[in-house]
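The values are calculated or read from the model by the stated rules, or taken from the named source; none is laboratory data. All values reported here derive from a predicted model rather than from experimental measurement. All Cβ positions, glycine included, derive from the backbone under ideal geometry; neighbour counts span all protein chains shown. These accessible areas exclude ligands, DNA and RNA; they are computed on the full protein's heavy atoms, side chains included. Shrake-Rupley method; radii C 1.70, N 1.55, O 1.52, S 1.80 Å.
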Amino acid sequence: MVEKVVEKVDVVIIGAGAAGLMCAITAGYRGRKVLVLDHANKAGKKILMSGGGRCNFTHLNSTPANYLSNNPHYCISALRRYTPQHFVEWVERHGIEYHEKTPGQLFCNESSKDILNMLLTECDWAGAEIRLQCSIDVVAQDGDGFRLQTSSGVIQCESLVIASGGLSIPTLGASPFGYKIAEQFGLKVLPTRAGLAPFTLQPEDLQRFAPLSGVSCPVSVSVNGVAFKEPMLFTHRGLSGPSMLQISSFWKPGQELTIDLLPDDDVLAELKTWRQESPNKRLETYLNAKLPKRVAQIFTEWKNWNETFQQCSNQRLQEVADALKSWKIKPNGTEGYRTAEVTLGGVDTDCLSSKTMAAKDIPNLYFIGEVVDVTGHLGGHNFQWAWASGFAAGGEV
Ligand code: FDA
């Protein structure tokens with residue numbers, strides 16, 4: 001039986017997250033009748049959780065080089081047309097106070113709620129309706145538009161925007177909905193995996209390093225020719241902190257990470273100087289001076305660095321320097337989608353227009369935000385992609 005259409009709108013956007021809300025505002029101000037549907041009980045849950053509750057809403061120096069994608073050129077056009085400065089102007093117009101934490105990373109002074117409230121206020125001003133706790137059961141083409149069977153009845157629209165995000169953090173509403181819709185319409189979906197995720201360790205390493213849980217130190221970590229110099233945090237499950245989250249997006253299961261525990265130091269030269277100037281001191285004294293005490297202690301015990309400097313040959317000093325400058329560790333895995341900030345992979349950009357985010361072969365179907373195979377580095381780049389892709393589609397739908 002064909003269900004009667006109960007509602008007609010110009011644009012339906014599925015997903016009231018960062019990308020969906022930006023798209024709704026942009027389309028709403030163009031005079032389009034916009035309806036945003038979300039199965040969650042609240043809009044923008046990830047915005048609220050982001051940046052430790054202060055939302056790292058953009059990165060001033062965001063460039064296409066900060067994104068991973070099978071097609072690294074895809075994001076260029078949208079990012080060029082909607083820049084971090086555009087978003088900052090908006091934030092300032094709404095009187096939201098913010099600060100730059102590490103260079104380029106902008107955070108709210110008060111709370112992530114400020115960003116969400118700004119977006120919801122703009123949705124209201126633009127006349128876009130947001131309907132929560134609404135499930136979408138069937139999506140079908142209807143002429144050049146779409147017909148949706150939802151828990152709030154049958155809805156007909158001219159344009160359909162999929163902004164349902166990736167798989168990370170299912171408790172915040174994540175679902176494979178967008179990938180399924182893409183496949184339903186014959187679009188390719190590239191394999192997905194958790195990105196910006198903490199590492200878990202092999203049992204032996206975990207036993208050794210879990211006592212350091214809560215200790216942070218500045219490191220440089222590398223894998224596959226990519227390196228990040230940022231803090232690392234030991235956790236009761238393994239390794240986290242900005243450096244580990246960043247590198248997790250480039251790491252493949254089974255690979256070793258190389259960690260430089262003293263990235264600003266020429267350790268071998270320093271060890272030789274210590275041998276010359278303080279021959280009676282123990283190696284441990286150097287470690288205590290350079291690393292957090294508990295880290296120094298664990299490494300000293302593990303590596304049996306008990307000698308005095310005068311007892312150390314050049315080869316011994318080289319061994320110590322190598323262990324500190326290129327500590328090799330093979331993670332057991334990552335914590336996966338349960339805690340990952342993003343999902344790598346997704347709707348293949350080859351199937352989409354880089355100017356409008358529209359599916360090339362299906363009229364009036366759009367994909368924006370994290371559901372697309374564009375994933376940013378840590379530091380505000382993922383929201384910048386959500387804003388930019390939402391703005392691009394919002395100008396078209
Ligand atoms: P997003 O996931 O935000 O929204 C998708 C929406 O679709 C959700 O509201 C969901 O409920 C809805 N949905 C899903 N399936 C559905 C279905 N079947 N039916 C109906 N609705 C459905 N980035 C950054 O730049 N700076 C930061 O500080 C942080 N911090 C951060 C912290 C944490 C804990 C996480 C998990 C992530 C971040 N991120 C971040 C990443 C950032 O949150 C993310 O990239 C964007 O929220 C992606 O925006 P989207 O709108 O694409 O998806």
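Points worth noting:
- Amide H within-cut-off set for V189, under 5 Å, with H built and near neighbours excluded: D348
- Annotation note: GluC sites (Glu not before Pro) in the stretch 84-191 located in DSSP loop regions with a Cβ neighbour count of at most 14 within 10 Å are E97, E110.
- Ranking G153, G225, G17 by how far each Cα lies toward the positive end of the dipole of the chain (charges on Cβ) leaves G225 at the top.
- For T235, the residues whose amide H sits under 5 Å from its own are G214, S240, ignoring neighbours fewer than 5 places away on the same chain, with H placed 1.01 Å from N.
- For R30 and T102, a Förster radius of 35 Å and the Cβ-Cβ distance give a FRET efficiency of 0.45, rounded to the nearest 0.05.
- Cβ charges +1 (Lys, Arg) and -1 (Asp, Glu), total dipole of the chain, debye: 540 debye
- Stretchable slack from N288 to R81, in nm (0.36 nm times residue separation minus alpha-carbon distance): 69.5 nm
- Segment R338-V138, length gained on full extension (0.36 nm per residue, minus Cα span): 69.3 nm
- Nearest-0.05 FRET efficiency for E307 and A210, computed from C-beta distance (R0 35 Å): 0.80
- Set of lysines near K113 by C-alpha distance (under 23 Å), chain-local residues within fewer than 8 positions excluded: K42, K45, K46, K101
- Candidate lysines - alpha carbon under 20 Å from K188, same-chain residues fewer than 8 apart omitted: K180, K355, K360
- With the simple spin-label model, which puts each label point 7 Å out from Cα in the Cβ direction, the K4 to E110 separation comes to 4.7 nm.
- Plainly put, the stretch 241-321 has a radius of gyration that is 1.05 times its Kirkwood radius, both from alpha-carbon atoms, as the Rg/Rh ratio.
- Taking amide H atoms as placed 1.01 Å from N in the peptide plane, the amide H of N56 lies under 5 Å from those of G51, each 5 or more residues away in sequence or on another chain.
- log10 of Debye I(q)/I(0), alpha-carbon scatterers only, for the chain at 0.07, 0.08, 0.09, 0.10 Å⁻¹: -0.39, -0.49, -0.59, -0.69
- Computing FRET efficiency as 1/(1 + (r/R0)^6) for E270 and L48, where r is the C-beta to C-beta distance and R0 is 41 Å, gives about 0.35.
- As computed over the stretch 198-334, the Cα convex hull volume per residue (Å³): 97 Å³
- Taking the charge dipole of the chain about its Cα centre, with +1 at Lys and Arg Cβ atoms and -1 at Asp and Glu Cβ atoms, the residue from I259, L245, L206 reaching farthest to the positive side is L206.
- Here the 3J(HN,Hα) profile of the stretch 180-192, calculated from phi with Karplus coefficients 6.51, -1.76 and 1.60 at θ = phi - 60°, is 5, 5, 4, 5, 4, 9, x, 8, 7, 10, 6, x, 9 Hz, Gly and Pro shown as x.
- Accessible area per residue for the stretch 335-380, computed on protein heavy atoms with a 1.4 Å probe, is 29 Å².
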